[in-house]
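Notes follow once the structure below has been shown.
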Amino acid sequence: MKVGFIGLGVMGGPMAANVLKGGHELTVYDLNPAAVARLTALGAKAASTLREVGQASEVLVTMLPEPQHVEGAVLGEQGAAAAMAPGSTVIDMSTIDPATSQRIGAALKVRGIAMVDSPVGKTSEHAVTGTLTLMIGGEAADIERVRPVLDCMGNQVFLCGGQGMGHAMKMTNNLLATTIMCANTEALAIGAKCGLTLETMVEVMKTTMGWNQQLAVALPKKAFLGDDSPGFMVKLAAKDVRLAVAAARQQGFEPLVGNGALATLDRAAQLGRADRDTAALLFLREEELGIRVRPATVSA
């Protein structure tokens, strides 16, 4: 298929590479020339404008940071949709709110362009191997038409409902995952301040309801090794929680746990960690309390 890809960041870059490996004709666009160069070196074509990538695409994939970025790239005055042919499809794989997703989808439908939302789960490592979790919303026929492209990027596929429901699922998932990360780093810091070792806390928590995937997988891979290099950045985690908090208020209730997570993330950003991995939350707690949660064998 003729595929366009807008947004070649930590996740989007390897995802686009896997589309290319899947045998599709790929045209890419990103504001970062180095990101574009990495893809053209693999055989992709570079577009100089959003309209150019839209014109080249029967399937257009967007993987962008914020809702307004997706809306602008697709529907803006110089956006890709203006050059896309009726019968083509947009797949938005960003993490945005369901309302914005549905608004974009409705505007595209007027032009005869379908929209499928398919935000992703897991990590940048899974983006490289093409084994992401795909949370998909849209019409069954539209989804089936673009499955050859989606299958290049993910191997666990969940059909969540109509257009926008993939984004609803991703927002819900990221609210939970991020609040768990915030709770983990806070609890471990409190325990360490009281004199407990990380090894003792982990050993006990493995036997209780406190055990979770962040403790089992994410923290040992990054934070416990002293690594906060960008993976899931603090600023993106804050954006995702902010979307969920806003959605909760639209539904008529105050998300107290979400508010706490958002305050934690916003404070980390204010302290200069916006572009660091959420592992930085643990390091901030260590600094604030004058402790070490990480094993002594791990450098500060």
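The values are calculated or read from the model by the stated rules, or taken from the named source; none is laboratory data. Note that the structure is a prediction, hence the values are computed from the model and not measured. Note that we place each Cβ from the backbone using ideal geometry, even for glycine, and neighbour counts take in every protein chain shown. With ligands, DNA and RNA removed, areas are computed over all heavy atoms of the protein, side chains included. Shrake-Rupley method; radii C 1.70, N 1.55, O 1.52, S 1.80 Å.
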Which ones in region 115-146 are outside any helix (DSSP H, G or I) and out of contact with any Leu (no Cβ under 7 Å at 6 or more places or on another chain)?
Val116, Asp117, Pro119, Thr123, Gly130, Thr131, Leu132, Thr133, Met135, Gly137, Gly138, Glu139
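Is there a residue in region 263-272 that is within 15 Å of Met171 (Cα to Cα) and modelled with pLDDT of 95 or more?
Taking region 263-272 first, the residues within 15 Å of Met171 (Cα to Cα) are none.
Checked against the condition, which is being within 15 Å of Met171 (Cα to Cα) and modelled with pLDDT of 95 or more, region 263-272 yields no hits at all.
Could you please give the count of residues in region 9-37 that are over 20 Å from the mean Cα position of the chain (by Cα) and surrounded by fewer than 18 Cβ atoms within 10 Å (Cβ to Cβ)?
Restricting attention to region 9-37, the residues satisfying the condition of being over 20 Å from the mean Cα position of the chain (by Cα) are 20-27, 33-34, 37.
Then drop every residue that is not surrounded by fewer than 18 Cβ atoms within 10 Å (Cβ to Cβ), which leaves 21-23, 25, 33-34, 37.
Looking only at that region, the number is 7.
Residues Leu64, Leu108: which one is under 16 Å from Met15 (Cα atoms) and either out of contact with any Cys (no Cβ under 6 Å at 6 or more places or on another chain) or surrounded by fewer than 19 Cβ atoms within 10 Å (Cβ to Cβ) (or both)? Reasoning before the result, please.
Details: Leu108 fails: under 16 Å from Met15 (Cα atoms).
Of Leu64, Leu108, the one residue that is under 16 Å from Met15 (Cα atoms) and either out of contact with any Cys (no Cβ under 6 Å at 6 or more places or on another chain) or surrounded by fewer than 19 Cβ atoms within 10 Å (Cβ to Cβ) (or both) is Leu64.
Answer with yes or no whether Ala238 is under 28 Å from Leu64 (Cβ atoms), among the small types (Gly, Ala, Ser), touching a helix residue (DSSP H, G or I) at 6+ places or on another chain (Cβ under 8 Å) and open to solvent by less than 60 Å² (accessible area, probe 1.4 Å).
Working: under 28 Å from Leu64 (Cβ atoms): yes; among the small types (Gly, Ala, Ser): yes; touching a helix residue (DSSP H, G or I) at 6+ places or on another chain (Cβ under 8 Å): yes; open to solvent by less than 60 Å² (accessible area, probe 1.4 Å): yes.
So Ala238 fits the description; yes.
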Looking only at region 273-300, which residues are under 21 Å from the mean Cα position of the chain (by Cα) and open to solvent by 30 Å² or more (accessible area, probe 1.4 Å)?
Arg273, Asp275, Arg276
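Could you run through region 256-283 and say how many residues are out of contact with any Phe, Trp or Tyr (no Cβ under 9 Å at 6 or more places or on another chain) and in contact (Cβ under 8 Å) with a residue 40 or more places away in the chain? Steps first, answer last, please.
First, pick out the residues of region 256-283 that are out of contact with any Phe, Trp or Tyr (no Cβ under 9 Å at 6 or more places or on another chain): 256-272, 274-275, 280-281, 283.
Pick out the ones that are also in contact (Cβ under 8 Å) with a residue 40 or more places away in the chain and you get 257-258, 260-261, 264-265, 274-275, 280-281, 283.
Residues flagged as out of contact with any Phe, Trp or Tyr (no Cβ under 9 Å at 6 or more places or on another chain) and in contact (Cβ under 8 Å) with a residue 40 or more places away in the chain within region 256-283 amount to 11.
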